[in-house]
1. What order do you get for A:GLU42, B:GLU194 when you list them from fewest to most C-beta neighbours inside 10 Å?
2. Pull up the DSSP beta bridges for the stretch A:1-80 and report the antiparallel fraction as a percent, rounded to 5.
3. Please build a GNM for chain B, connecting alpha carbons under 10 Å apart, and tell me which residue among B:ASN339, B:ASN163, B:ASN398 fluctuates the most.
4. May I ask you to derive the relative contact order of the stretch A:2-209, considering only C-alpha pairs under 8 Å and at least 6 residues apart, and to give it as an integer percent?
5. Report the Stokes-Einstein translational diffusion coefficient (µm² s⁻¹, integer) for chain B, Rh taken as the Kirkwood radius over Cα pairs, at 37 °C with viscosity 0.692 mPa s.
6. Run down the lysines and flag those whose C-alpha is under 23 Å from the C-alpha of A:LYS253, throwing out any fewer than 8 positions away in its chain.
7. Cβ neighbours within 10 Å, averaged per peptide: list B:5-14, B:223-232 in order, most packed at the top.
8. Restricting everything to alpha-carbon atoms, can you work out Rg to Rh for the stretch B:181-282 with a Kirkwood hydrodynamic radius?
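What follows is calculated from the coordinates using simple rules that are stated; it is not laboratory data. Just so we're clear, the structure is a prediction, and the values are computed from it rather than from any experiment. Neighbour counts run over all protein chains shown; Cβ positions are idealised from the backbone, glycine included.
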Amino acid sequence: MNIISCFKVVPDEQDITIKPNRDISFEKAPMTISAYDLNCIEAGAQLAEAFEGNLIGVSIGAKKIDDSKLKKNVLSRGPESILMVADDFLEDLDTYQTANALKAAIQKVGEFDLILCGEGSADLYAQQVGAQLGQLLNVPVINSVNKIALMEGKVIVERSLEDEVETIEIPLPAVISVTSDINLPRIPSMKQILAAGKKSATILSALDVGIGDFGATLQVIETKAPEQKERKKDIIQGDSDEAIKSFITKINKVLK
Amino acid sequence: MSDDRFDAIIVGGGIAGTVTAYLLAKEGLEVMLVERGNYSGSKNVTGGRIYSHSLEKIIPDFAQEAPVERKITREKISLMTDDSNVTIDFSSTRLGQQGSDSYSVLRGAFDQWLAGKAEDAGVQMVTGIRVDNLIVREGKVCGIVAGEDEMEANITILADGVNSLLAQKLGYRGELSPHQVAVGVKEIIELPSEVIDDRFNCKDGEGTSWLFAGTPSAGKVGGGFIYTNKASISLGVVCTLCELIKANKTIPQMLEDFKSHPSIEPLLKGGKMIEYSGHLVPEGGLHMVPKIIGDGVLIVGDAAGFCINLGYAVRGMDFAVGSAECAARAVLKAKETKNYSAEFLQCYQSFLDDSFVMKDLKHYKNFPHFLEETPRIFDGYPGMAADMMTDLFVVTGNPPQSMTRMMMKHVKQIGLLNIAKDGWKGVRSL
């Protein structure tokens, strides 16, 4: 049983800062696993552990995704190995280009039974790549999955829709996008982190997997943070009756 | 190496732990370092300066490579009251000579750099893991317990900080007592580096260390501090725990008041607070050093209480490095003879005794007590200094008084004898 969990590498949103001109700065943000893909890796790890399968983490992106801390982080979460295609033109791709790059990477992995994706990426959240990847690989694809039961040659999955739970049987191989409700990603244990240091990561160039420059279809002209509302900075200190009264008077005035 | 055993396990990825790990791995030992935060330095709060003499020995020219902020070439000490501030300002090219230089640091970046060094030397870094307990068999420490996992080692080194719960679990120390520790809070305030150069009268790359006694800690044992970083200022307040109970303000309020003091506010104008943190500071000096050697275990850095607060200078990081070096030497010696008993590991104590760590701690051993016993430093002298300065500099048109009388008036408020006594006691304790 070969399982592939796809993950995107994104700047850690905790450390993204907004400059005074509302530009977004990634300067201090280290690369990390896109939050939704933690669920995807966890789902892969649980299936691989239950069925003695082999789990591989696959990612594509600019050269900076080849980061030792990040790789160790992924490997401590269950995958036996990582395959990355890292080339600087693999940044700011559209979803179809991303799916194509992933397909090229996955073809290097070889045989697979199940490919898992997250519900969307933490930065753009287009929710397209999983579906397009299935199409490109010419295998069944289903999204919004929050339960997976693996059987011989097939999976039975559940999707929580607006007013019903849909149960679907899909023949393998297949591509499945999981929701963030499917599991609670593990906090790697000491031994898992230690073991991650011994696992392997293969880093390939675009050329190695036979893809040339896609040519940019997307041009980011500007990314701005929303304008901050000027606050009145009217601070009433203390908990005296007077302070409370003044607070209520002011609130009342605004509400009227 | 078998998967379940290391030569050494180090608990805590601060300076003491990381340097110990680095030195051991460099000599070929199999070393694991376990850090509770997501990265080294993430759980750390420091005022902000490292005296380089200790680390310079281990990583020569480290300041060229490490993410240090500014070289400290200006030292200021102030006596502060609610409305005034009397400052001694010392700047000299004698400060900042290589070997005796010091640097302001932001430990988030600095510790990660140090951790990188350790990792390159072969240390297995495990971050985001809390060590819950130690494996102890027949009184001998044999490794660590973290969640469901256990890992064994010939020696375990505790570098888990001022409130070392592991040392406490071993029974090597009791609960921290309120007079042994202070509470420190710190803000990092971002300002363009040219603005800092101008406001603090610093050359590019050079900076100021500034300590305050008096109102920052509401007249209690403690004080305020400012260190200039490249493009930010570390500013904070420290107050001894047992005194804090008696203070009329909370620590966050002390910090707010310090920031809005007329002498401080203009320095921070336009700055943006980017980080707020709080931590315990070991302040007991030699008297709080717990048992630091046991069968299969050594304690280093803050966990061992290796820190001195002299009022005009605060040192902890160089002791962290110094104790790490002694511990590493002891472990290497123990490995040679395969003897990790407490008896053999006493060589750690001898190495410490011969190093600046114990020499300095012993030298200043009465100073923490002196500070605590001399509240006038914090609630008397700042006011006296401000009043004297007021008489000197404020011109009202009233007839002048003789200088002696003018000054003695203020001295008498505290009492000449008291001043002499405090001075004598203070100098003796140094």
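1. Listing A:GLU42, B:GLU194 from fewest to most nearby Cβ atoms yields B:GLU194, A:GLU42.
2. 50 percent
3. For chain B, modelled as a Gaussian network with Cα springs under 10 Å, the answer is B:ASN398.
4. In percent, rounded to a whole number, it is 25.
5. Stokes-Einstein gives a translational diffusion coefficient of 145 µm²/s.
6. List returned: A:LYS229, A:LYS232, A:LYS233, A:LYS245.
7. The peptides rank, most packed first, as B:5-14, B:223-232.
8. 0.98
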